[in-house]
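The values are calculated or read from the model by the stated rules, or taken from the named source; none is laboratory data. Note that the structure is predicted; figures quoted are calculated from it, not measured. Cβ placement follows ideal geometry from the backbone for every residue including glycine, while neighbour counts extend to all protein chains displayed.
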Amino acid sequence: MTAHAVEAALRAPHPALSLDERRRAEASTLLASVAARAAIALHGTPVLLLEPDRVRRQYARLRRALPFVGFHYAVKALAHDAVLGVLDDEGCGFDVATGEELGMLTRRGVAADRIIHTHPIKKPAEIAEALAAGVRTFVVDNDVEIDKFRGAPRDTRLLVRLAYRSPHAKSDLSSKFGVGPFEAARLVEHAVAAGVRVAGFSYHVGSQLDDPARFAAAAAETLELMAILERRLTVRFDTLDIGGGLPASYDSEAAEIEEVAALLRPVLEPHARRLRIIAEPGRVLVADAVSLVTSVVGTAERDDGRWYYVDDGLYGSYSNVLTEDVHPLVFAVRDLHAGTRDTGDHRWATLGGPTCDSSDVIARDVLLPELCVGDLLVSPTMGAYTTVTATRFNGRPLTPVATMDRAATTAEVAVTSDVRRVPIV
Ligand SMILES: Cc1ncc(COP(=O)(O)O)c(C=O)c1O
């Protein structure tokens, strides 16, 4: 299938191809590109292929779908300079959780008024540092945290984090942070007494939510709470932060940006003139922009069948399997180039990671052709919570990230200068 046909299928309202077929076709065109071949030649495997242009396109989709929302990319999803650069160029804002993430942005010269700090619990020194850098929007969810802002500059604006239970989300963030409506009201009163301004509310409906209606329901509930509190406490709010959580399609079709936006628009749009409506998307911007290429380092026949051991695993880029409970697809590269896919000689196999830990198993029951040491595998949708949560367990280097342009016709591949990553040439 040509790249043009893949793009056309992706744009169709009901894609003619299954997710698996689309991902295979995309991976096939990616690996056939000059840039991907150059990146693999330069680094060997494992290597993460990052396409900043796909981040740019996702951001454009978000802007088109919700033009009245101010987006702040959740840097935690993929804190890579090429991603920050492309979003900075496009005028996107940023959401940070730590001083280190803030530092990455200030070093790039991103203006502080484009940055929000959304970690509900922060070290006092970190708050002081963020305030000194000019950041003014922070999230809180308890008295102690509000008190840390006593005496802060007058234009400091706090958002109280609400908790919405999302038992069907892959990560239900409401158990660790956020408060219910009664506690939220009390916190607003506490802040008023402390002389600190509450500008509005934030929440995170949970990541990888399987129910797009939940986004709209949470927005509606928050707007209602804001109206009630404005009447009762004679305060005025001007900000609603609808958080992150827009899903990525890993091994099954997730709601598209446009589908969630169609439900959110009628709820939010009537308030868009009066309120500053912001969002903190993470994975939806970067997940599809990165593919991981690995190779087989060993094979074994065990009681439970065929095992292939590859050179990246749960302690590395596949950390998303552990921390996010996602199941990335894994394709054998030789299958991608095979034209029509004949799986007659394929076997169900287990994919083990490279460490000596027996829990380092990437996937079970993957239908793969007969593979030998050195054969390449590829996983799409590996941009979010992969390299950022990877460890150096067993002394393994972090997988290098090659920044690439799929359309390049010469081997112009920019490679990250992140010193933590040791290229394997
Ligand atoms: C406060 C906050 N905002 C935004 C995000 C981004 O979430 P996602 O990547 O699911 O969009 C997270 C993820 O944990 C978060 O904790």
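Output the number of the condition that Glu256 fails; it satisfies all remaining conditions of (1) without any contact (Cβ under 8 Å) to a residue 12 or more places away in the chain; (2) away from the ligand (no atom under 16 Å from the Cβ); (3) not small (Gly, Ala, Ser).
(2)
Tally time: how many residues in the range 289-309 are farther than 30 Å from Leu78 by Cα and either of a type in the set (Asp, Glu) or surrounded by 24 or more Cβ atoms within 10 Å (Cβ to Cβ) (or both)?
Going through the range 289-309 one residue at a time, the tally reaches 3.
For the condition in contact with a Gly (Cβ under 9 Å, 6 or more places away or on another chain) and away from the ligand (no atom under 16 Å from the Cβ), what is the one hit in Asp312, Asp303, Asp342? Lay out the reasoning, then the answer.
On the way: Asp303 fails: in contact with a Gly (Cβ under 9 Å, 6 or more places away or on another chain); Asp342 fails: in contact with a Gly (Cβ under 9 Å, 6 or more places away or on another chain).
None of the others qualify; the one that does is Asp312.
Is it fair to say Gly91 is more than 16 Å from the ligand (Cβ to nearest atom), at pLDDT 95 or above, within 30 Å of Leu263 (Cβ to Cβ) and within 21 Å of the chain's Cα centre (by Cα)?
Taking the combined requirement at face value, the residue satisfies it.
In the range 235-250, which residues are in contact with a Lys or Arg (Cβ under 6 Å, 6 or more places away or on another chain) and either outside the structural domain of Gln58 (by TED's automatic domain parsing) or within 13 Å of the ligand (Cβ to nearest atom) (or both)?
Residue satisfying the conditions is Ala248 alone.
So, in the range 230-250, of the ones that are exposed (fewer than 15 other Cβ atoms within 10 Å of the Cβ) and in contact (Cβ under 8 Å) with a residue 24 or more places away in the chain, which residue ends up farthest from Arg157 (Cα to Cα)?
If we take residues in the range 230-250 being exposed (fewer than 15 other Cβ atoms within 10 Å of the Cβ) and in contact (Cβ under 8 Å) with a residue 24 or more places away in the chain, then Arg232 is farthest from Arg157 (Cα to Cα).
Name the residue, out of Arg306, Arg302, Arg334, that is more than 11 Å from Ile362 (Cβ to Cβ), modelled with pLDDT under 95 and in the same structural domain as Thr403 (by TED's automatic domain parsing).
From the options Arg306, Arg302, Arg334, the qualifying one is Arg334.
Please go through the range 283-300 and pick out each residue that is in contact with a strand residue (DSSP E or B) (Cβ under 9 Å, 6 or more places away or on another chain) and within 16 Å of the ligand (Cβ to nearest atom).
Within the range 283-300, Arg283, Leu285, Val286, Ala289, Val290 qualify.
Kindly indicate which of Ala217, Ala227, Ala272 is away from the ligand (no atom under 15 Å from the Cβ) and surrounded by fewer than 14 Cβ atoms within 10 Å (Cβ to Cβ).
When all the criteria are applied, what remains is Ala227.
What's the total number of residues in the range 102-140 that are of a type outside the set (A, V, I, L, M, F, W, C) and within 16 Å of the ligand (Cβ to nearest atom)?
Selection size over the range 102-140: 8.
Does Asp405 satisfy being over 18 Å from Asp288 (Cβ atoms) and either modelled with pLDDT of 95 or more or surrounded by 13 or more Cβ atoms within 10 Å (Cβ to Cβ) (or both)?
No; evaluated as a whole, the condition is false for this residue.
Report, by residue number, each residue of the range 256-304 that is under 15 Å from the mean Cα position of the chain (by Cα) and either over 26 Å from Ser28 (Cβ atoms) or not in a helix (DSSP H, G or I) (or both).
Matches in the range 256-304: Glu256, Ala279, Glu280, Pro281, Gly282, Val290, Ser291.
Could you go through the range 41-63 and let me know if any residue there is part of a helix (DSSP H, G or I), modelled with pLDDT under 95 and among the small types (Gly, Ala, Ser).
Looking for residues that are part of a helix (DSSP H, G or I), modelled with pLDDT under 95 and among the small types (Gly, Ala, Ser), one finds at least one in the range 41-63, hence yes.
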